[in-house]
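Novice: Quick one: the structure is below, questions incoming.
Bear in mind that the values in this text are calculations on the coordinates, not laboratory data. For clarity, every value in this text was computed on a predicted model and none was experimentally measured. When we count neighbours, we look across all protein chains shown, and the Cβ atoms used for this are built from the backbone with ideal geometry, even at glycine.
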């Protein structure tokens, strides 16, 4: 029903979770201020007659070996667990190839500047 991207998490809760877990909360390196963590996708879905919420984090599989990324995921996981909302990590391995190709096409098209677009249209 709804997809919200880069959904902000309540900073006071993530700070408390990080403290409880003994994990350094992400900070802005310039100001040394704790950042507002986000979840990549917050979904509102209809399942039968119920409305359910799901939180999904998107990450390349190769990045799952990074200890710091896993620490931040643990804060995020605990946050959503406290909210009673299902949370999961989604990698490129779970997404259909055609879908990934479409996303790559859209991303590449996003970076074409207006002048290039006009040139391409005039050549057709």
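Novice: For 27, 89, what's the fewest-to-most ordering of other Cβ within 10 Å of each Cβ?
Specialist: 27, 89
Novice: Can you tell me what the convex hull of the Cα atoms of the stretch 2-90 projects to on average, as an area in nm²?
Specialist: 6.4 nm²
Novice: In addition: In whole Å, what is the distance between the alpha-carbon centres of the stretch 42-86 and the stretch 12-29?
Specialist: Going from one Cα centre to the other spans 17 Å.
Novice: Also, quick follow-up: Would you mind ranking 104, 16 by Cβ crowding within 10 Å, fewest neighbours first?
Specialist: So the residues, fewest neighbours to most, are 104, 16.
Novice: Have a look at the DSSP beta bridges in the stretch 2-90 and tell me what percent are antiparallel, nearest 5.
Specialist: Counting only bridges with both partners in the stretch 2-90, antiparallel ones make up about 75 percent.
Novice: Stretched out fully, how many nm does the piece from residue 59 to residue 4 gain, at 0.36 nm a residue minus the Cα gap?
Specialist: 18.1 nm
Novice: For residue 31 and residue 68, calculate 0.36 nm times their separation in residues minus their Cα-Cα distance, and state this gained length in nm to one decimal.
Specialist: Contour length minus Cα-Cα distance gives 11.3 nm.
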